[in-house]
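The values are calculated or read from the model by the stated rules, or taken from the named source; none is laboratory data. Please read all numbers here as calculations on a predicted model, not as lab measurements. Heads up, the Cβs are rebuilt from the backbone with ideal geometry, glycines too, and the neighbour counts pull from every protein chain shown. What goes into the accessible areas is simple: the full protein's heavy atoms, side chains included, and nothing from ligands, DNA or RNA. Shrake-Rupley method; radii C 1.70, N 1.55, O 1.52, S 1.80 Å.
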Amino acid sequence: MNIDINEVKRYLRVKGGGYEGLDETIRRVADKASAELCPKSIINKFAVEWTEEGLRLKGTDIVFGGNLVRKTFDGCDEIYIFAATLTLESELFMKKQAALGAVEGIVSDCVLTTMIESCCDDIDGAIAAREAARGRSVTRRISCGYGDFPLECQKDILDILGAGKILGVKLNENNMMYPNKTVTALMGVKDMSFETVGGGEAMADKCSSCCSCCEFKR
C-alpha cells in the first residue's frame, strides 16, 4: 500500500506544487496514518449468469443491472466482490486531525481516501495475479454509484459478504457506508480470449472506460 503525494493533491484539487509546506504536511499526516491505521478487507468470488434483468449471482436472488455492469462484465462467468475499510479508527483519526486545524483536517481526509484506494489497488493486483495463474483475466473494478450502477445495490453487497459483522461496516438510509473510508467493488473474471478493460497493465486506464462523469474523469 502506497500513499502517493500526487494522488493526495489530486483529491485536494491542488494544481502545481500547492502552497509552501504542503508536501511536508501531507507526508506527516500520511506517515501518521500508516502507523496508526490498519486496513481490513473481505473478498469472495461468485459464479454468475446473465438474465433479462442483468447479472445474477448464481444461487441467490441478487441481480446487478444497468449498462455499466453489462459493459464491464460482458463475457464474464465469475465475479469477485470485495469490501475494504480503514475501520472506525479512521473516523477517530480524522477527528483528531481536524482538531489541529482546518488544513490538517482537509489533508487527512484526502490522505485517507488515497490510502483506501491504494488498498483496493493492491486487492485488484492480487486478484489479477491469481486469475492470470489460472489462465484467466479480470476486468477493472466498479463500485455502486458509478454510472448507472445504483447505490441501492450496496446493501446486497454488504450482506452477501457479511461485511457488517466481519468489518463493522454499516449502511445509512441513503445507502452511504460508515466508516466513510470504506469501498466495495466488483471485478469480473473471463477467459483470456475476451478483451478486457481492466486487470494487469490495463488497470491504469480505469477512468477512460468509466461511464461516470465525476470530477476526476480525465
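Data table
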| quantity | calculated |
| --- | --- |
| Residue match in the stretch 20-27 (condition: part of a helix (DSSP H, G or I) and open to solvent by 70 Å² or more (accessible area, probe 1.4 Å)) | yes |
| Close pairs from the stretch 116-136: first free of Cβ contacts under 8 Å to residues at least 60 places away in the same chain and at negative phi, partner open to solvent by 20 Å² or more (accessible area, probe 1.4 Å) and of a type in the set (Asp, Glu), Cβ under 8 Å, at least 6 apart | Arg136/Asp191 |
| Matching residues in the stretch 43-68 - criterion: being over 19 Å from Asp148 (Cα atoms) and open to solvent by 40 Å² or more (accessible area, probe 1.4 Å) | Ile43, Asn44, Lys45, Ala47, Glu49, Lys58, Gly59, Asp61 |
| Filtered residues of the stretch 50-94 (kept if within 23 Å of Lys165 (Cα to Cα) and assigned to a helix (DSSP H, G or I)) | Thr87, Leu88, Glu89, Ser90, Glu91, Leu92, Phe93 |
| Neighbours by Cβ (under 7 Å, 6+ apart or cross-chain): first from the stretch 165-191, open to solvent by 30 Å² or more (accessible area, probe 1.4 Å); second assigned to a loop (DSSP other than H, G, I, E, B) | Tyr178/Asn172 |
| The listed residue being open to solvent by 30 Å² or more (accessible area, probe 1.4 Å), closer than 29 Å to Gly168 by Cβ, charged (D, E, K, R) and out of contact with any Pro (no Cβ under 9 Å at 6 or more places or on another chain), out of Lys71, Lys15, Lys40 | Lys40 |
| Given (1) open to solvent by less than 80 Å² (accessible area, probe 1.4 Å); (2) touching a Leu at 6+ places or on another chain (Cβ under 8 Å), number of the condition Arg10 does not satisfy | (2) |
| Members of the stretch 65-120 found to be among the aromatic types (Phe, Trp, Tyr) and either modelled with pLDDT under 95 or out of contact with any strand residue (DSSP E or B) (no Cβ under 8 Å at 6 or more places or on another chain) (or both), listed by number | Phe93 |
